[in-house]
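Okay, so here's the structure we're looking at.
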Amino acid sequence: MSQTPRQLVVLGGQGSGKGTQAKRLAERFDLELIGAGDVLRRIIAADTPLGRKIAPTVRAGKLLPDEVSSEIIAARIGDVPAASGFVLEGYPRSVKQSELFRANLERLGRPVGSTVFITLDVPRPVLKERLLKRHRQDDTEEIIEERFRLYDEKTKPIYDAVAAWAQVVHVDGNQPVPAVTATIINQLSDVKAQA
Ligand code: AP5
């Protein structure tokens, strides 16, 4: 792996701080920030045929079909210049998406093996409290429960699935925001030392 991480993926339960940490890492390492939820919300706001198709699913907190989200994210990664790196959050969210992600990285000529998955571990009651404080349209109690259920069923199995081809680091996300960032940066330097 090069001295600076070039392909980071931030994973974690809803409200674990994926978006918050991804933004800070993008600034710290000069990486392009790709937030799956933000990309989707922008497409919905633009009111294109694709936006109208995906809006009901996203608003209900359900997952879009793996092929649809994978194509949208691959197109976004395709916009990142070859010499630049990116930090991705909110994708992949299922083992199938992680397989499509790997295939798309290969197709785009990106260095598959320099991908690092960062998982933010936060207890569920803390996640719920954070989300209810935020007042986003899809942050009702019922939708939050549905997203938690989907996370357990679909997203958690990714950690083991990607370990065969990428580095995976687990970070305690139940700390103040700057402390979480510092822990991630510290863990990334260990990853580099191993590489
Ligand atoms: P998305 O926008 O990605 O929502 P999410 O996964 O539910 O993630 P959140 O934004 O809720 O949480 P986060 O972990 O980013 O936390 P944040 O940093 O905001 O996706 C929305 C929808 O799009 C999905 O439900 C789905 O329908 C669809 N979708 C997206 N990706 C998809 C995919 N790959 N496939 C299919 N469908 C997809 O932090 C949360 C709050 O906590 C904030 O208020 C923040 O200030 C606070 N906070 C953060 N860190 C800390 C900390 N350390 N201490 C205290 N407070 C903190």
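We did not get these values from a lab; they are worked out from the coordinates using the rules stated. In this text, all values refer to a predicted model and were calculated from it rather than measured experimentally. A quick note on method: Cβ atoms are made from the backbone with ideal geometry, for glycine too, and the neighbour counts reach across all protein chains shown.
Annotation: for a label point projected 7 angstrom from Cα along Cα→Cβ of Lys133, residues of segment 4-27 with backbone N closer than 17 Å are 13-21. Relative to its residue count, segment 59-131 spans a Cα convex hull of 122 Å³ per residue. Calculate, for Glu142 and Ala75, the FRET efficiency according to 1/(1 + (r/R0)^6) with r their C-beta to C-beta distance and R0 22 Å; round to the nearest 0.05. The computed FRET efficiency comes out at 0.10. Dividing the mean sequence gap of close Cα pairs (under 8 Å, 6+ apart) by how many residues the chain holds gives a relative contact order of 33 percent. Based on Cα contacts under 8 Å between residues 6+ apart, segment 40-117 shows a relative contact order of 21 percent. Evaluating kT/(6 pi eta Rh) at 10 °C and 1.306 mPa s, with the Kirkwood radius of segment 99-195 over Cα pairs in the Stokes-Einstein relation, gives 102 µm² s⁻¹. Residues Val9, Val126, Val180, arranged from fewest to most other Cβ atoms within 10 angstrom of their Cβ, appear as Val126, Val180, Val9. Using the average count of surrounding beta-carbon atoms within 10 Å as a protection proxy, the listed peptides 164-172, 93-101, 20-28, 44-52 rank, highest first, as 93-101, 20-28, 164-172, 44-52.
Sorting Ile118, Ile158 from the fewest to the most surrounding beta carbons within 10 angstrom yields Ile158, Ile118. Note on the chain: Cα convex hull, mean projected area over all directions, 10.4 nm².
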